[in-house]
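Engineer: To start, I am sharing the structure in question, which I have written as structure tokens.
The values are calculated or read from the model by the stated rules, or taken from the named source; none is laboratory data. Everything quoted here is computed from the prediction, not taken from an experiment. Using ideal geometry, Cβ is built from the backbone for each residue, glycine included, and neighbour counts are taken over all protein chains shown.
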Amino acid sequence: MSTPTATAPAAAPTPLIPPSTHRWAEVIHRLEAGGSMLPDTPENLMQIIGIYKAYAVPMDFYWRDLLYIAERVFLNPLPAFKYFPSQEYLDRPNAYAGEQSQLRIWRGGEKAHPELLQFMATGETGAMPKLLHHLWHDRINMEFAEACMQAMLWHQGMGGRFNDYLASEAYRANADRAIKAYFKGNPAMLALYALFPEMFMEQVKQMSYYANLGLFWEVMAPVFFEMSDIYDEGGFKGVPDAMNFLVNGIFAVAGRPIYHHVYVGDECIEVIPKSEGFTWLYEAALPYVEAVFYRTAPFRGTKSYNAQAGQVPGDQADFHYGILYADVFPVGSAGIPPTLLMQDMLHFLPPYLKDLYKQHRRGEQDQLIQLGITFQRSMYNVTSAVIQALRCALLYPLDDTDPDHLLANRHFFEAQMDRFLRPEARLDAIQTQAYR
Amino acid sequence: MTTLPLVLLLALPLGAGLLLPLLGAASSALLVRNLAALVAAAQLLVGLVCWRLPPPPLHLAWVPKLGLELELGLDNLSLPLVLLTALLTIAAVLSAPADQPRPRLFFSLLLATNLGVVGAFLARNALLFVLAYELVLIPTTLLVAIWGGPRQAGAAIRFLLYGAVSGLSLLAAVLAFGWLNANGFSFNFDDLAQASLSPRSQGWILALLLLAFGLKLPIVPLHGWQPLTYSQAPIPVVMLLGGAVSKMGAYGLLRFGVGFLPEAWAAWSPWIAAAGAVTAVYGALNAIAQLEMRRLMAYSSLGHLGLLVLALAAATPMSLQGAVAQILAHGLIVALLFACVGLIERKTGTTAIPELSGLLNPLRGLPFTSGMLLLALMAAAGIPGLAGFPAELLVFEGSWTAFPRDTLICLLASSLTAVYAVRLFNRVGFGRLDNARADWQPTHWGERLPALALTVTVIAAGIWPQALVGWSEAATASLALRPSVMPSMLGAQPAAARSASAQSLPARSIAARIVPAQAAPALAVAALPPGRP
């Protein structure tokens, strides 16, 4: 009779590197496993996909109007109608969606989204002239898009070559050409330009950021629409799937040119030509995430920060007033809660999100806050995608077997998580569903 | 006109107070609450009828040997206080939660409190007044002891001790009044107004009255019970205590002190005015230092009672008119303040100022309730257009000629209201609304109703100040001990002022209809030499 032998338990794979001791070790380990900063729960998936859909509709307006302002309104000294993009821009085909696109990546159509067009026609109040919709604020709030653009302009040096180029002689020459062409036959403005050239140059730089952000969101809108469609088809199994879709999307369009063209009559003036080689990932996506998700500005909300009392960091790079830190409760007590965007998204919430909000807190009464928090969750997921994309671009695969490479990845993730050590960060809050 | 309304004013809370406990144990708290509110509303209605159709006084023998007679009546000093008490009782009853524990006993005791307070205001016999005054102590102590906060026992004991001393002092004063009166043994108000007492006796009796009513009002340094009781008692009880019960003290000082002991009152008035100024400053400074909303409101109430004491001490026609207006305005405002604080406490579970913030947040806060609280604090601060303004204006203007220094101190103390109101709102109204704590449900209209009704009344009284001052014009003018304007500047002014006051009585003045003769004794002593302190 043979002595029975105990079955040895299956040996767990030995980690190649020791566990992190970082404050956010749990999140770091999740990122190292290919996950997101946002925990993988069915409700989180539903929330972020639903809000992406609600975000994409106004975003479809933002990018069209931003490009309209950058290319057509340009230096109009009284741009009273800049939020009324021409039909040409409303019909402008998306460069990456629709049959006409040279590089079709996303399945969506080429025209403005039907829900957007419907809302522009009737708003919440019903059909009436566009001007009345505008004055009644029953419209898409372009002010939010402009605030994002201004954050990018104001913070400037966030990597990439775009901002440096705006100080180059080549850019100044192109801008000069555009200014003179735009004000041709207008001696008063040309005289002003002669007197204050830098003021006009600064305005053109701002227009270049309008174009930059418009081109960035032109890509993101169909991404979010498609994510919503895939979710509706039951395509995403979890939050990491959604994040990976974003990562793949980022790489698919990473090389998209960022440029600034100005149209004066039939003439197209290339203020920033495509040939300069500015690309979507480095000159638009990363600066946008840095400026809007992390930094923004301390003077946007209803709470006043006192720089003289040391409440505002001396270095702009230390600013932390973005959506990842924002307190969406008091409509502006910390950072820029995207109040206007929240209003915009409220018009386009999918039914399942409305049902979810009815079940919690004050139901319909405070769904504006609940969707703001959902938006915050979704932006943590987008930021996770950007972090993973950067890791892909700069470091090593997650399944690399070289401990040194994994340690390099670890240091990268820990450095990213260091930015959420400050108490204002909402990373801790989004780890539970109780945060609503 | 029959005396039935006078009987009804007492019979309604008495009957309901006795019948409510007999309801079945299965009766819902909501039903009991609504019945109690209905009774108080009926009482208010009867009071309004009395305003339009003044009833004659009621006089029934009770225990004649003791001088205890069932003498009831309404004049233009007591009628507004009866109406105030009825209104505040409705608000207090409706401020109780719909699931009030042990509702039959709770609302019975509230109605018993109402009975005592209204009885005191209706009494035309000093012993009857003492009985009613003492009656209030029992239900209020039980209400604090049974339904109070974590320190309910201590609060109830302290409240009972202070109340007992107050009651005993009052009893002693009233008995001395009756026994030492050279005109004969009587506790009838008219007889007391004409009582013949030596200055020494007057002084002793006034000292006892000041102790009794100073404890009830309260006045510093007799206020020891107030902050603890206000912080521990259930909100409906605090609304009645601050809004109505404490007014028995003010009414007593006016009726007994100014009305029945004018010479002693005039002699002691500089000290009384000083006590008022100290009370005003002490209350305001303590309110600024508080970190708990109930205690802040308690000290705020105390501070504003200091103004009332100043006005009574000055005893000019205008200051006394201001005193009555302040009694009414303070009653409304304090009740409103506590109604709002009660709502906040019910929704957030706390009144600790450091634990609250962002209450004005339109989406997740309690903006409606906080807005009413802000308005109540503005009214307390004397912002024009609200009830506190005409009252405080009359107090300051009327008291200035008699006690300029104390008036100035009270004026500064009153201005401190804005300081603690702003500090309070800066902390609890604005700022971050913590997600972890802010899972509150909004207040619904049923809960807001009492505070909303009081808010409307406070605004209405500010817009139409005659509602506050019109009642008492005749009676206060006849009780005045000093002229409103400096005699040295206008020598013949006192008599002229009284004459003008009398001529300016509104056509429907209750004073002119019910007790036109009652003011006569006081008018006699009103002709004090201008130079008297």
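Engineer: Taking the conditions exactly as written (β-branched (Val, Ile, Thr), assigned to a helix (DSSP H, G or I) and either out of contact with any Phe, Trp or Tyr (no Cβ under 8 Å at 6 or more places or on another chain) or under 28 Å from B:LEU94 (Cα atoms) (or both)), does B:VAL258 satisfy them or not?
Structural biologist: Criteria not met by B:VAL258.
Engineer: I'm checking my understanding of the structure. Among residues of segment A:343-365 that are outside any helix (DSSP H, G or I) and more than 20 Å from A:MET120 (Cα to Cα), which one is farthest from the other protein chains (Cβ to nearest Cβ)?
Structural biologist: A:GLN359
Engineer: Further question on the same structure: Give me the residue from segment B:406-430 that is within 17 Å of B:THR351 (Cα to Cα) and among the small types (Gly, Ala, Ser) and, out of that set, nearest to the other protein chains (Cβ to nearest Cβ).
Structural biologist: Applying the filter and picking the extreme gives B:GLY429.
Engineer: Sticking with this one: Filter segment A:411-426 for residues that are in contact (Cβ under 8 Å) with a residue 60 or more places away in the chain and within 14 Å of chain B (Cβ to nearest Cβ); which is surrounded by the fewest Cβ atoms within 10 Å (Cβ to Cβ)?
Structural biologist: Filtering segment A:411-426 for residues that are in contact (Cβ under 8 Å) with a residue 60 or more places away in the chain and within 14 Å of chain B (Cβ to nearest Cβ), the one surrounded by the fewest Cβ atoms within 10 Å (Cβ to Cβ) comes out as A:GLU424.
Engineer: Can you tell me which residue among A:LEU340, A:LEU368, A:LEU324 is modelled with pLDDT under 95, surrounded by fewer than 21 Cβ atoms within 10 Å (Cβ to Cβ) and more than 11 Å from chain B (Cβ to nearest Cβ)?
Structural biologist: Of A:LEU340, A:LEU368, A:LEU324, the one residue that is modelled with pLDDT under 95, surrounded by fewer than 21 Cβ atoms within 10 Å (Cβ to Cβ) and more than 11 Å from chain B (Cβ to nearest Cβ) is A:LEU340.
Engineer: Sticking with this structure for a sec: Inside segment B:415-533, counting only helices (runs of 4 or more DSSP H) that do not spill past its ends, which hold 1 or more residues that are at pLDDT below 90 and surrounded by fewer than 22 Cβ atoms within 10 Å (Cβ to Cβ)?
Structural biologist: Because the criterion is at least 1 residues that are at pLDDT below 90 and surrounded by fewer than 22 Cβ atoms within 10 Å (Cβ to Cβ), the helices (runs of 4 or more DSSP H) in segment B:415-533 that meet it are B:466-469, B:493-503, B:510-514, B:519-525.
Engineer: Let me ask something else. Under 6 Å between Cβ atoms, at least 6 apart or on separate chains: pull out the pairs that start in segment B:17-31 with a residue that is under 26 Å from B:VAL136 (Cα atoms) and end on any residue that is outside any helix (DSSP H, G or I).
Structural biologist: B:ALA29/B:ASP99; B:ALA29/B:GLN100; B:LEU30/B:ALA98
Engineer: Here's another thing I want to ask about it. Please count how many residues of segment B:415-448 are touching a Lys or Arg at 6+ places or on another chain (Cβ under 9 Å) and closer than 25 Å to A:GLN370 by Cα.
Structural biologist: Count: 11.
Engineer: For residues that are more than 14 Å from chain A (Cβ to nearest Cβ), closer than 17 Å to B:ASN435 by Cα and in contact with a Ser or Thr (Cβ under 9 Å, 6 or more places away or on another chain), tally how many sit in segment B:345-363.
Structural biologist: 1
Engineer: I'd like the full set of residues that are polar (S, T, N, Q) and closer than 20 Å to B:THR455 by Cα, limited to segment B:351-369.
Structural biologist: Within segment B:351-369, B:THR369 is the sole residue that qualifies.
Engineer: Kindly indicate whether B:VAL324 is surrounded by fewer than 24 Cβ atoms within 10 Å (Cβ to Cβ) and more than 24 Å from B:GLY431 (Cβ to Cβ). Steps first, answer last, please.
Structural biologist: On the way: surrounded by fewer than 24 Cβ atoms within 10 Å (Cβ to Cβ): no; more than 24 Å from B:GLY431 (Cβ to Cβ): yes.
Answer is no for this residue.
Engineer: Looking at this structure, is B:GLU397 touching a residue at least 12 places away in the same chain (Cβ under 8 Å), under 21 Å from A:ASP327 (Cα atoms) and of a type in the set (Asp, Glu)?
Structural biologist: The answer is no for B:GLU397.
Engineer: At least 1 residues that are of a type in the set (S, T, N, Q) in each: list the helices (runs of 4 or more DSSP H) lying fully within segment A:177-280 that qualify.
Structural biologist: A:197-232, A:239-252
Engineer: Could you identify the single residue in A:LEU395, A:LEU390 that is modelled with pLDDT of 95 or more and away from chain B (no Cβ under 14 Å)? Quick ask: steps written out before the conclusion?
Structural biologist: Values: A:LEU390 fails: modelled with pLDDT of 95 or more.
Among A:LEU395, A:LEU390, only A:LEU395 is modelled with pLDDT of 95 or more and away from chain B (no Cβ under 14 Å).
Engineer: Follow-up question, since we're still on this one. Evaluate segment A:78-89: report whether one residue or more is closer than 25 Å to A:GLY255 by Cα and at pLDDT 90 or above. Spell out how you get there, then give the answer.
Structural biologist: Going residue by residue through segment A:78-89, those that are closer than 25 Å to A:GLY255 by Cα are A:89.
Keeping just the survivors that are at pLDDT 90 or above gives A:89.
The answer is yes; a qualifying residue exists.
Engineer: If you don't mind, another one. Out of all the residues in segment A:183-201, which are under 31 Å from the mean Cα position of the chain (by Cα) and either of a type in the set (Phe, Trp, Tyr) or within 20 Å of A:LEU67 (Cβ to Cβ) (or both)?
Structural biologist: A:PHE200
Engineer: Hey, among A:TYR231, A:TYR282, A:TYR259, which residue is more than 30 Å from A:ASN174 (Cα to Cα), at pLDDT 90 or above and in contact with a Lys or Arg (Cβ under 9 Å, 6 or more places away or on another chain)?
Structural biologist: Sole residue among the options that is more than 30 Å from A:ASN174 (Cα to Cα), at pLDDT 90 or above and in contact with a Lys or Arg (Cβ under 9 Å, 6 or more places away or on another chain): A:TYR231.
Engineer: Right, another one. Spot the failing condition for B:ALA274; the list is (1) at pLDDT below 95; (2) part of a helix (DSSP H, G or I); (3) surrounded by fewer than 20 Cβ atoms within 10 Å (Cβ to Cβ), and only one is missed.
Structural biologist: Of the numbered conditions (1) at pLDDT below 95; (2) part of a helix (DSSP H, G or I); (3) surrounded by fewer than 20 Cβ atoms within 10 Å (Cβ to Cβ), the odd one out for B:ALA274 is (1).
Engineer: Could you grab me the full set of residues in segment A:66-96 that are among the β-branched types (Val, Ile, Thr) and more than 21 Å from the chain's Cα centre (by Cα)?
Structural biologist: A:VAL73
Engineer: Turning to a different aspect of this structure: Here is a list of conditions, (1) within 14 Å of chain A (Cβ to nearest Cβ); (2) within 28 Å of B:TYR282 (Cα to Cα), and B:LEU433 meets all of them except one; can you say which number that is?
Structural biologist: Answer for B:LEU433: the failing condition is (2).
Engineer: Moving on. Does B:LEU197 satisfy the condition of being outside any helix (DSSP H, G or I) and surrounded by fewer than 24 Cβ atoms within 10 Å (Cβ to Cβ)? Steps first, please.
Structural biologist: Working: outside any helix (DSSP H, G or I): yes; surrounded by fewer than 24 Cβ atoms within 10 Å (Cβ to Cβ): yes.
The answer is yes for B:LEU197.
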